Amino acid sequence: MRTIQRIALFLVLVGAINWGLIGFFQFDLVASIFGGQNEFMSRVIYGLVGLSGLICIPLLFEPMRDLDVDTDRVSSRKLNYETEFSEEPEFTNVKTFPKKDKDEEK
């Protein structure tokens with residue numbers, strides 16, 4: 001049934017785009033593609049769009065899914081603060097160079 005609902009939703013979107021074009025620009029895309037509003041194929045498309053709207057009515061009453069909840073993740077209370085690369089090196093064995101006097105630089 002999901003495939004039929006997806007096809008119906010696609011046809012409803014086609015109808016919505018067509019009605020938007022009619023409303024804003026007075027241009028009927030379906031009629032211009034199939035040769036006029038009274039042509040057989042145009043009437044078939046209009047009929048399919050209407051039936052698709054009826055098929056999509058149950059989608060209005062389905063509960064909304066919460067997509068933000070991720071149930072596969074480990075609890076957020078156990079945080080891991082390690083870096084992903086490796087441990088940071090210790091800089092205790094760094095050699096220091098003697099400071100130069102200003103007189104030696106000249």
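Which residues, counting only those in region 20-29, are in a helix (DSSP H, G or I) and either surrounded by 14 or more Cβ atoms within 10 Å (Cβ to Cβ) or under 23 Å from the mean Cα position of the chain (by Cα) (or both)? Gly20, Leu21, Ile22, Leu29, listed by residue number.
Checking the conditions here, which among Ile45, Ile7 is more than 27 Å from the chain's Cα centre (by Cα) and surrounded by 11 or more Cβ atoms within 10 Å (Cβ to Cβ)?
Values: Ile7 fails: more than 27 Å from the chain's Cα centre (by Cα).
None of the other options fit; the residue is Ile45.
Looking only at region 30-49, filter to residues that are polar (S, T, N, Q) and in a loop (DSSP other than H, G, I, E, B); which one of those is nearest to Leu59 (Cα to Cα)? Top of the filtered list is Gln37.
The numbers here are math on the coordinates, done by the rules we state, and not lab data. All values reported here derive from a predicted model rather than from experimental measurement. Here Cβ is always computed from backbone atoms with ideal geometry, including for glycine, and neighbour counts include all displayed protein chains.
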